[in-house]
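The values are calculated or read from the model by the stated rules, or taken from the named source; none is laboratory data. Since we're looking at a predicted model, the values are computed, not measured. Reconstructed Cβ throughout: ideal geometry from the backbone, glycine too, with neighbour counts over all protein chains shown.
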Amino acid sequence: MMARVRTVCGALLLMWAGLSLPVAVSAEDGACGVERDARQGTLDELTWRQLNTIYEQVGEEAYGEASDDLSRMLERAGRDRYLRAILNQALGQVEWARGNYESALGHYQQAVELDILPDETHFALMYQIAQLYYLQDHLDESLASLELWFCAVPPVRVTSAAYVLQAAMQARREDHAAALEAIDQAIAMDDDPQEDWYLLKLAAHYELEQYPQAGATLQTLIERWPDRKRYWLQLAQVYDRLRQEQRALAVLALAHRRAMLDEQADLVYLASLYSRAELPFRAAQVMEQGIRAAIVAGTGAHWAMAADAWYAAAELDRALTAYGEAGRAADAGDIDLRRAYILVDLERWSAALEALDQALRKGGLDDRRTGEAYLLRGMAQFSLDNLDSAAADWERAGRFDSARDAARQWLNHLREERRRQAS
């Protein structure tokens, strides 16, 4: 009978340690600064049956009943240290399942302080205590408990999950170098590292301003989870920060080809990278397609960005169309003035005159551009043989320092033209 009781109680100990890390712990006397002489305790048949009933309640998630029954057993446990340790461990397990972390922590601590449970259970409780401290933001206590657990566990039997917990603790303590060391260890020893582990590693690289290493981590994230748009964007931004604009553009352009860029900021950033790479045609395409697809808002600024790119690509008709859209959305006359420059270059005088009229009517131009607008409008009027209107505009242009000399020359030219026509 006694042998059966020992066997059943050993199984029950492991049952109540169900939330602990699934590794065996073996500490020699004096190891890790902890001297223990714990002998295997025993439970009588009645106690075992009571615990088995409680275990069934836990299996049915009747945590309140289980907690009440365990508390009554603990009150009757008297000086039986082994039974009290078992009951405190069980109560901690139930309270954890109920989300009562502070209560669970108290029970686990009492079980450990009784210092009578076998090494495997005792040090597994230390791991659970570390977890509970972490859940309650007691970071120093959490780390101390985990370090004791690490010391007690044979290195070959430590799992990656423990290093992930250590990394999370160190990150919360803002010791990012230690967090990085721990998460690298977790990733190295696991055949299938989780996505969150790489994100913890990435955050540590960012905090340490290790941007090349952040880029390498993002490359891994993209390889393993290629449909996560945010990793493509972050990798492009890292390359951009490292002044590797071509690589940034290559990453974001590939994401665009994969139809992943579905927000305004994404397309505006891609267009800016194309412009910086002196690929204005592609920049203009990205912007205009984004606007027409209603991904990018059709504001004056966005249409002007597309128009400027079309102009840089020597696509003047497309630039004029985009400037026209930008002008309709703009309250000031700057965009209409830009459109007028192109129309003057193309000698489309009537259209230029209309654009200049709009620019001057809207206003919002500084003195330099106001003088230029009157100068250009005089040229358009002159070319349309509206000589009096041309003279009036050049007189107005002459009031601005930036246009005074040019206006004087045009007025001289106008006088000569009138003399020629009069002769």
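Worth pointing out:
- Index of the failed condition, R241 passing every other in (1) under 17 Å from the mean Cα position of the chain (by Cα); (2) more than 27 Å from A304 (Cα to Cα): (2)
- Which numbered condition Y127 fails, given (1) in a helix (DSSP H, G or I); (2) within 19 Å of A161 (Cα to Cα); (3) free of Cβ contacts under 8 Å to residues at least 40 places away in the same chain: (3)
- Test for L180: is it outside the structural domain of V58 (by TED's automatic domain parsing), assigned to a helix (DSSP H, G or I) and either surrounded by 18 or more Cβ atoms within 10 Å (Cβ to Cβ) or without any contact (Cβ under 8 Å) to a residue 24 or more places away in the chain (or both): yes
- Residue match in region 137-146 (condition: closer than 20 Å to L74 by Cβ, modelled with pLDDT of 85 or more and of a type in the set (A, V, I, L, M, F, W, C)): no
- Flag for L387 being at pLDDT below 95 and over 30 Å from A265 (Cβ atoms): yes
- Test: residue in region 369-380 that is surrounded by fewer than 14 Cβ atoms within 10 Å (Cβ to Cβ) and of a type in the set (D, E, K, R): no
- Residue within region 43-59 that is closer than 24 Å to T159 by Cα, out of contact with any strand residue (DSSP E or B) (no Cβ under 6 Å at 6 or more places or on another chain) and touching a residue at least 12 places away in the same chain (Cβ under 8 Å) present: no
- Residues in region 286-327 that are in contact (Cβ under 8 Å) with a residue 24 or more places away in the chain and more than 21 Å from Y274 (Cα to Cα): E325, G327.
- So A161, is it surrounded by fewer than 21 Cβ atoms within 10 Å (Cβ to Cβ), more than 23 Å from E56 (Cα to Cα) and among the hydrophobic types (A, V, I, L, M, F, W, C): yes
- Subset of region 90-124 [outside any helix (DSSP H, G or I) and either crowded, with 24+ Cβ neighbours inside 10 Å or not hydrophobic (A, V, I, L, M, F, W, C) (or both)]: R98, G99, N100, D115, L117, P118
- Helices (runs of 4 or more DSSP H) enclosed by region 272-354 - at least 1 residues per element that are surrounded by 19 or more Cβ atoms within 10 Å (Cβ to Cβ), touching a Lys or Arg at 6+ places or on another chain (Cβ under 6 Å) and hydroxyl-bearing (S, T, Y): 316-329
- When A314, A322, A352 are checked against the criterion of being modelled with pLDDT of 95 or more and at positive phi, a single residue qualifies: A314.
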